[in-house]
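Right, one structure below, let's go through it.
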Amino acid sequence: MTLTCPFKIGDRVAFSPDHHTVGWYQHCWERFRLKPGDTGIVTAIDNKGHVWLDDGRGGFHWQEYKSVNLGSE
């Protein structure tokens, strides 16, 4: 079963990586310009499900993000 990305361009999300992603990628948070807890607006989603936020930040798979309700920040 293949899961599809639930996010759309314009959705507000928070970067919430699992412990494996933190272990593998924490050394390059600066390069991705994104660290756990950062929020932003989805501006691009590629055909493999990688999500980018405003200003080109990100590039992680959609499963590493959580939806943010606008009234909850």
Practice task
Kindly provide the set of residues from region 6-48 that are touching a His at 6+ places or on another chain (Cβ under 9 Å) and modelled with pLDDT of 95 or more, ordered by number.
Solution key: Ala44
Handout entry: Pair list, Cβ under 6 Å, 6 or more apart: region 8-29 residue in a helix (DSSP H, G or I), other residue modelled with pLDDT under 95 and of a type in the set (Asp, Glu)
Key = none
Problem - Of the criteria (1) surrounded by 15 or more Cβ atoms within 10 Å (Cβ to Cβ); (2) free of Cβ contacts under 8 Å to residues at least 60 places away in the same chain; (3) not in a loop (DSSP other than H, G, I, E, B), which one Cys5 fails - result: (3)
Fill in the blank from the handout: Only one of Arg33, Arg57 is closer than 17 Å to Ile9 by Cβ and under 13 Å from the mean Cα position of the chain (by Cα), namely Arg57
Handout entry: Condition met for Val42 (β-branched (Val, Ile, Thr) and touching a Ser or Thr at 6+ places or on another chain (Cβ under 9 Å))
Key = no
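The values are calculated or read from the model by the stated rules, or taken from the named source; none is laboratory data. A quick note: this is a predicted structure, and the numbers were derived from the prediction, not measured. Neighbour counts are summed over all protein chains in view; Cβ atoms, including those assigned to glycine, are modelled from backbone coordinates with ideal geometry.
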